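Quick notes on the structure that follows.
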Amino acid sequence: MSEAIRQPVASRRPARTVGHRGRLNTPTSPTRHGLSAWLSYIAMGVVFVAFILPLLWLFFAAFDGEATFQTKIPRHWTLKNFAAIMTKDQTFLPLWNSFLISAVVTVIVLACAVLCAYPLSRYRSKFNKPFLYTILFGTCLPITCLMVPVYSLFVMLHLLDSMTGTIFFLAASSLPMAIWMTKNFMDSVPVELEEAAWVDGASMLKSLRLVVVPLMKPGLAAVSIFILMGTWGNFFVPYMLLLSPNKQPASVTIYSFFGQHGMIIYGQLAAFSLIYSLPVVIMYVIANRFLGTYSLAGGVKG
């Protein structure tokens, strides 16, 4: 009887063979061959080339004193493009403005998104879906169609050329997608953990701060990257709402490298673009430490 019971279990094990050196070989997934495999490789190669060529131009042109729009290895590597842009008005002040705007917008949006997503995730109501679809519709509106009434509103409220007003508008425009993303991440946190905190005497806000938010760190890191990258690279909104050169972020001052009559300073433009992209890369590396490092395994035991 025991042999009859063990036989079906053994039959489900993957067959193993002995290799030419006496090692056991287990069956692996079949390798793709034929036309479909070659088409996949060609498609990946085209995508790779489309992405790598602009990056190669950016790197080579930044160290080329005679850079043009063509992608070529510099004959004489130089740092004079970086030396030319390392000034307060052209690089340091715009980068500081970009950092200030992006950091404040990210903090405001994260705080508001968590508070808005909590009732949507924890309470069932017939208004939840209409509200979420309204939020989703708000994310689909192009920012260009909103700028005419927003510009008129800023003129009426005397907020034109105001850093505070620009920050709040950028936060408001980033909030709909942030609420949608935060709500999906919050759904993965078991409500039983909050109930245990309530039994111990914690209020809803305290359980949100001490239980839910710490378990949502990977999700909040992803949302913060999304907000930061969107705000850091936003050109149109600061260009329309900030008029003083000392208040404009780097996304607007990069326009100064495009001269009149189609004359572009390619080398300095590439050097500034490399420096401009570094903070976002550093932020991604820092936030990436929180992605996938937290687990809910063992958090709920019946």
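Under a 1.4 angstrom probe, counting protein chains only, how are Cys145, Cys116 ranked by accessible area, largest first?
Details: Cys145 70, Cys116 50 Å².
Largest accessible area first, the list is Cys145, Cys116.
On average, how much accessible surface per residue is there in region 85-296, in Å², for a 1.4 Å probe, leaving out ligands, DNA and RNA?
On the way: 11690 Å² over 212 residues.
For region 85-296, the per-residue accessible area is 55 Å².
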*Share of carbon and sulfur in the accessible heavy-atom surface of region 85-296 [1.4 Å probe, %]*: 71 percent
*Between His158 and Val281, what length comes free when the chain is fully extended (0.36 nm per residue of separation minus the Cα-Cα distance, one decimal in nm)?*
40.7 nm
*asked:* Let's see if you can work this out: charge +1 on each Lys and Arg Cβ, -1 on each Asp and Glu Cβ, no other charges. What is the dipole magnitude of region 85-296 about its Cα centre, in debye to the nearest 20?
replied: 180 debye
*Work out how much length Thr78 to Tyr123 would gain on full extension: take 0.36 nm times their residue separation and subtract the Cα-Cα distance, in nm to one decimal.*
10.1 nm
*Once the whole set of protein chains is in place, how much accessible area is left on Met263, using a 1.4 Å probe, in Å² to the nearest 10?*
130 Å²
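Would you kindly state how much longer the chain becomes between Ile42 and Cys145 on full extension, computed as 0.36 nm times their sequence separation minus their alpha carbon distance, in nm to one decimal?
Values: separation 103, 0.36 × 103 = 37.08 nm, distance 3.91 nm.
Here the segment from Ile42 to Cys145 would lengthen by 33.2 nm.
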*Express in Å², to the nearest 10, the accessible area of Lys206 obtained by rolling a 1.4 Å probe over the protein heavy atoms while all chains stay in place.*
100 Å²
*Near Lys217, which lysines are there with a Cα under 23 Å away, not counting those fewer than 8 places off in the same chain?*
Lys183, Lys206, Lys301
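The values are calculated or read from the model by the stated rules, or taken from the named source; none is laboratory data. Source: prediction; values computed, not measured. Here Cβ is always computed from backbone atoms with ideal geometry, including for glycine, and neighbour counts include all displayed protein chains. Surface accessibility is based on the protein's heavy atoms, side chains included, excluding ligands, DNA and RNA. Shrake-Rupley method; radii C 1.70, N 1.55, O 1.52, S 1.80 Å.
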